[in-house]
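The values are calculated or read from the model by the stated rules, or taken from the named source; none is laboratory data. Since we're looking at a predicted model, the values are computed, not measured. Cβ placement follows ideal geometry from the backbone for every residue including glycine, while neighbour counts extend to all protein chains displayed.
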Amino acid sequence: MAWDLNQLVRMLLKACFSVVLGIIFIFHPFGLTIDAASQKPSMSGDFVKDTVSVAQSLKDTIALSEDEENLSDTKDEALGLITAYISRYRNRPQVNGSSSFTTMQTALNAMAGHYKTFSNRPLPEKLKERLNKELTRAEKTVVKEI
């Protein structure tokens with residue numbers, strides 16, 4: 001009788017432990033902190049404003065010298081901004097066929113590709129010039145289109 005009671009208690013403890021562990025796995029935000037979630041860039045949904053603000057922000061990033069102390073953080077923020085912009089507007093047929101979006105996407109792909117592939121190297125001068133031209137063209141075009 002005591003042995004059966006001992007077995008029952010062990011089974012109940014195992015079941016309770018499993019349920020508690022499952023609840024923790026479901027509701028605990030692993031790897032995310034409040035700071036990380038609040039720093040995630042978001043788009044307003046206004047294509048014109050988002051395009052202009054992203055272009056300006058990326059031009060500011062391009063203009064930074066390699067001697068800046070927070071350059072790696074700035075590059076990470078730029079990559080987050082690029083991802084947020086592309087994710088927001090790539091699947092929207094009303095904007096993804098426009099020349100401003102196409103120009104912007106070309107510039108963003110080039111910049112993100114360089115930062116991801118050559119993260120420890122500065123942007124080459126030719127790429128900086130090309131990115132500045134494309135971002136400026138996208139800014140001007142988006143204002144005229146809509």
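Among the residues of the stretch 118-141, is any closer than 16 Å to residue 43 by Cα and of a type in the set (Gly, Ala, Ser)?
The answer is no; no qualifying residue exists.
Of everything in the stretch 78-104, what is without any contact (Cβ under 8 Å) to a residue 24 or more places away in the chain and small (Gly, Ala, Ser)? Give them in sequence order.
Once the filter is applied, which keeps residues that are without any contact (Cβ under 8 Å) to a residue 24 or more places away in the chain and small (Gly, Ala, Ser), the stretch 78-104 yields 87, 97.
So is residue 117 of a type outside the set (A, V, I, L, M, F, W, C), within 18 Å of residue 139 (Cα to Cα) and either more than 12 Å from the chain's Cα centre (by Cα) or surrounded by fewer than 12 Cβ atoms within 10 Å (Cβ to Cβ) (or both) or not?
Answer is no for this residue.
Name the residues in the stretch 111-128 that are touching a residue at least 24 places away in the same chain (Cβ under 8 Å) and assigned to a helix (DSSP H, G or I), would you?
Residues satisfying the conditions are 111, 112, 115, 116, 128.
Where the second residue is surrounded by 11 or more Cβ atoms within 10 Å (Cβ to Cβ) and the first is free of Cβ contacts under 8 Å to residues at least 60 places away in the same chain and lies in the stretch 58-71, which pairs have Cβ atoms under 6 Å and are six or more apart or on separate chains?
The qualifying pairs are 61/74; 61/78; 66/122.
So which residues in the stretch 27-58 are in a helix (DSSP H, G or I), at pLDDT below 80 and hydrophobic (A, V, I, L, M, F, W, C)?
27, 34, 36, 37
Find all pairs meeting these conditions: Cβ atoms under 7 angstrom apart; at least six residues apart or on different chains; first residue within the stretch 129-146 and without any contact (Cβ under 8 Å) to a residue 60 or more places away in the chain; second residue in a helix (DSSP H, G or I) and crowded, with 20+ Cβ neighbours inside 10 Å.
Final answer for the pair search is 134/103; 134/107; 137/103; 141/100; 141/103; 145/100.
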